[in-house]
Each structure stands twice: as C-alpha cells, then as structure tokens.
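Okay, structure first, notes after.
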Amino acid sequence: MQVSVDKDRCCGAGQCVMAAPDVFDQSEEDGLVVLRPGAAGRASRADLELAVGLCPAGAITVREDPRAGSGHTDGTVGA
C-alpha cells in the first residue's frame with residue numbers, strides 16, 4: 001500500500017492520528033498531519049481506510065502500490 005498526505009488540504013482535526021497512531025502524527029508547530037518515519041506496514045488496511053474516511057479535509061490517500069517492495073523517493077510511504 002502507498003499512503004500519502006496533502007498538507008495543503010489538512011485542517012489539523014487529528015482524526016487520522018486517532019485511527020492509525022502508528023502511521024500518522026500531528027506537527028507540534030502547526031497541528032497538520034505528519035507521516036511517521038518508517039510507517040510502512042504498521043497499520044492495517046482497515047485502519048488506514050478508517051483514517052481516510054474520518055479525514056474531514058480529504059487529505060489522505062491510500063492505494064495499492066505497483067512498486068511494492070521498492071524504496072520511495074516521492075514523499076509517500078509504502079507498505
């Protein structure tokens with residue numbers, strides 16, 4: 001899976017952190033979503049989908065990663 005966040009859309013509600021705290025955090029500076037380092041594989045698909053559904057700003061995207069198993073350099077986290 002590939003998880004990405006759009007900080008420009010994030011409103012800092014924190015629902016993603018509640019749904020998948022191993023994957024998401026909030027910045028202490030502005031309260032916006034942060035992907036935790038090494039988050040790949042730490043949350044179930046169900047938890048990630050819940051985070052997507054709860055996000056009032058629609059700032060989270062989860063999709064199957066066609067490059068599964070490879071390193072990412074595009075600001076996303078894959079599992």
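The values are calculated or read from the model by the stated rules, or taken from the named source; none is laboratory data. The structure displayed is predicted, hence computed values, not measured ones. Here the Cβ is made from the backbone with ideal geometry for all residues, glycine too, and neighbour counts use every protein chain on show. Just so you know, the surface numbers come from the protein's heavy atoms only, side chains and all, with ligands and any DNA or RNA stripped out. Shrake-Rupley method; radii C 1.70, N 1.55, O 1.52, S 1.80 Å.
Within region 55-65, if we keep just the residues that are open to solvent by less than 60 Å² (accessible area, probe 1.4 Å) and touching a residue at least 60 places away in the same chain (Cβ under 8 Å), the residue that is farthest from S4 (Cα to Cα) turns out to be D65. Assess whether V52 counts as being at pLDDT 95 or above and either open to solvent by less than 70 Å² (accessible area, probe 1.4 Å) or in contact with a Phe, Trp or Tyr (Cβ under 7 Å, 6 or more places away or on another chain) (or both). Here the answer is yes, as V52 does meet what is asked. Within region 22-32, the set of residues being out of contact with any helix residue (DSSP H, G or I) (no Cβ under 9 Å at 6 or more places or on another chain) and closer than 17 Å to R45 by Cβ is empty.
Checking each residue in region 1-49 for being modelled with pLDDT of 90 or more, among the polar types (S, T, N, Q) and surrounded by 13 or more Cβ atoms within 10 Å (Cβ to Cβ) picks out S4, Q15, Q26.
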